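Trainee: Okay, here's the structure, questions in a sec.
The values are calculated or read from the model by the stated rules, or taken from the named source; none is laboratory data. Model, not experiment: these values are computed from the prediction. Here the Cβ positions follow ideal geometry from the backbone for every residue, glycine too, while neighbour counts run over all protein chains shown.
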Amino acid sequence: MQNSNLKILFVVSEMAPFAKIGGLGDFSGALPFEMASLGMDVRIVMPKYKQISEQYTHSMEYICDYSVNLDWRKQTAIIRKLDFDNSRGNIPCYFIDNAYYFDRQQMYSHPDDAERFAFFCKAVLEMLPKINFMPDIIHCNDWETGPICVLLHQQYKHLDFYKHIKTIFTIHNLQCQGNFPKDTLSLLGLGEEFYHPDSLEFYGSVNYMKAGIVYSDIITTVSATYAKEIQMPEYGNGLDGVIRKRQTDLFGIINGIDYNTYNPETDSYIYQNYNYNSLDKKQINKIKFQKEFGLEENSEIPLIAMISHLSDEKGFDLIEESIEEMMQMNLQFIILGTGDPIYEDLIDSMQHKYSNKMRALIVFNIELAHKIFAASDIYLMPSKFEACGLNQMIALRYGSVPIARATGGLADTIIPFDMQNCDGSGFIFKEHCKQSMLFTLKTAIELYQTYPSAWKQMVMRGMKQNFSWNASASQYEKLYHKLIES
């Protein structure tokens, strides 16, 4: 379904490779380019942070500047443009430059974030006629862009230029919501009538995430299961009731991974390239990894891997409870990552205690991560919640069978193993508890050791699953058309 007439503006607070903290940066550095490849006219706009490398800033073209009103203050927005090429294509990227707000050591977590992102949102809307771009849809992402939805709705729709523009708001991280004092309303130019539970008020604060949820035309999040979960108190972070009210406008679309970066056939980081037709070469990665890290070189011992931030959210409370029992099993265990000092100390002490079968690499290292994906037989993700998750998709791509808790994107991307029907690509457990995780791990190890042909078939099925950004873009395209035609 190609339609070059669709015009989309992506509004983001971060984007790879310019400035990135988390998954939103990967999303905005990939999805818009896939959209463009489908024939859409896509533009991106983000703040011009101090963190953006000179290799990009020196190529930015000055477009215009103008004043933005914030209550009684006036601040200047300077628009700079870079036609950015990546492996997927070329997209115009606009940067809103204001040294007072964005020339800082950190991108987020400043006392005046309410003002910084009020300025950004207003500057984005004011920019559009000045760059002569009238999008069909403004695609907003996370709390930093939420005010655009209410401002467009309340302050701009009466103007001819803006009256047909629709909004989509994507929730990437519901935990971070942008809660600010009541006087934030005056920064946005909004009156007291917006300070009530059906609008922006949230337990005595003004909530930017809520602005996006309440006032956008359509809401999306990064997996179908997470879209259901955020309607429950356990996952809704206080906004579950607001989201339930809009459930008919809520859609879950799984993120993708970059199939050029994560490709065992061409990956230059790994010891030996391979694909699903040459799994014997994957074993070379395992043996060489075992040798490099001083583990017994034995292809028959399952190598279990975790590459993760070490935190409760990622399930390290279960690792803490289970580690002694895991070490009694016939396995090897490799953990790569940094995080909570309690868990860093735990895995460091365990690798000394069980030096013949465990390694803890308390670093952030991309090359090591790729080597671990290629070498491991099983990839463990016991997360408490995982809106989308990327590592399970990468693990599947590299033939490392995931064992994960059934939450968010983990439940949507891993097909549970079914011996009877010879189906599935991994193992899922529902309860966030030690017993469920250990039982599932034992089941997987037994299959690995007892039925190698069934294991190999499962690995191949996982490697054939499609988690490319192109698959995500096609779903968004259908949603864009649904919105425009409504």
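Trainee: Tally time: how many residues in the range 448-479 are touching a residue at least 40 places away in the same chain (Cβ under 8 Å), assigned to a helix (DSSP H, G or I) and either within 17 Å of the chain's Cα centre (by Cα) or more than 21 Å from Ala374 (Cα to Cα) (or both)?
Mentor: Looking only at that region, the number is 11.
Trainee: Report yes if Glu14 is at pLDDT 95 or above and charged (D, E, K, R), otherwise no.
Mentor: Spelling it out, Glu14 is indeed at pLDDT 95 or above and charged (D, E, K, R).
Trainee: Taking Tyr269 as meeting all but one of (1) closer than 30 Å to Glu344 by Cβ; (2) crowded, with 19+ Cβ neighbours inside 10 Å, write down the number of the exception.
Mentor: (2)
Trainee: Restricting attention to the range 73-87, does a residue exist that is at pLDDT below 95, among the acidic types (Asp, Glu), more than 20 Å from the chain's Cα centre (by Cα) and more than 22 Å from Leu125 (Cα to Cα)?
Mentor: yes
Trainee: Any chance you could count how many residues in the range 218-243 are part of a loop (DSSP other than H, G, I, E, B) and without any contact (Cβ under 8 Å) to a residue 24 or more places away in the chain?
Mentor: 2
Trainee: Out of (1) without any contact (Cβ under 8 Å) to a residue 40 or more places away in the chain; (2) in contact with a His (Cβ under 7 Å, 6 or more places away or on another chain), what's the single condition that is false for Tyr215?
Mentor: (1)
For every residue, the table says whether it meets (1) at pLDDT 95 or above; (2) under 26 Å from Met329 (Cα atoms).
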| site | (1), (2) |
| --- | --- |
| Pro402 | yes, yes |
| Thr413 | yes, no |
| Met419 | no, yes |
| Gln435 | yes, yes |
| Ile445 | yes, yes |
| Gln457 | yes, yes |
| Met460 | yes, yes |
| Ile484 | no, no |
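Trainee: Which one of the conditions (1) in contact (Cβ under 8 Å) with a residue 12 or more places away in the chain; (2) surrounded by fewer than 16 Cβ atoms within 10 Å (Cβ to Cβ); (3) farther than 24 Å from Gly462 by Cβ does Ile362 fail to meet, given that it meets all the rest?
Mentor: (2)
Trainee: Residues in the range 12-29: is at least one in a strand (DSSP E or B) and either out of contact with any Asp or Glu (no Cβ under 9 Å at 6 or more places or on another chain) or closer than 20 Å to Met107 by Cβ (or both)?
Mentor: Within the range 12-29, one or more residues are in a strand (DSSP E or B) and either out of contact with any Asp or Glu (no Cβ under 9 Å at 6 or more places or on another chain) or closer than 20 Å to Met107 by Cβ (or both).
Trainee: If only one of Asp249, Asp198, Asp183 is surrounded by fewer than 18 Cβ atoms within 10 Å (Cβ to Cβ) and within 20 Å of Tyr480 (Cβ to Cβ), which one is it?
Mentor: Step by step, each of Asp249, Asp198, Asp183 is checked, and only Asp249 is surrounded by fewer than 18 Cβ atoms within 10 Å (Cβ to Cβ) and within 20 Å of Tyr480 (Cβ to Cβ).
Trainee: Output the residues belonging to the range 381-398 that are modelled with pLDDT of 95 or more and either of a type in the set (Lys, Arg) or assigned to a loop (DSSP other than H, G, I, E, B) (or both).
Mentor: Pro382, Ser383, Arg397, Tyr398
Trainee: May I ask you to say which residue of Ile301, Ile284 is surrounded by fewer than 22 Cβ atoms within 10 Å (Cβ to Cβ) and not in a loop (DSSP other than H, G, I, E, B)?
Mentor: Ile284
Trainee: For the range 2-9, does any single residue satisfy the condition of being buried (at least 21 other Cβ atoms within 10 Å of the Cβ) and either touching a Pro at 6+ places or on another chain (Cβ under 9 Å) or touching a residue at least 60 places away in the same chain (Cβ under 8 Å) (or both)?
Mentor: Scanning the range 2-9 turns up at least one residue that is buried (at least 21 other Cβ atoms within 10 Å of the Cβ) and either touching a Pro at 6+ places or on another chain (Cβ under 9 Å) or touching a residue at least 60 places away in the same chain (Cβ under 8 Å) (or both).
Trainee: Among the helices (runs of 4 or more DSSP H) contained in the range 56-165, which hold 1 or more residues that are within 17 Å of Gly212 (Cβ to Cβ)?
Mentor: In the range 56-165, the matching helices (runs of 4 or more DSSP H) lie at 113-130, 146-151.
Trainee: From the list Lys371, Lys442, exactly one residue is loosely packed, with under 15 Cβ neighbours inside 10 Å and assigned to a helix (DSSP H, G or I). Which is it?
Mentor: Among Lys371, Lys442, only Lys442 is loosely packed, with under 15 Cβ neighbours inside 10 Å and assigned to a helix (DSSP H, G or I).
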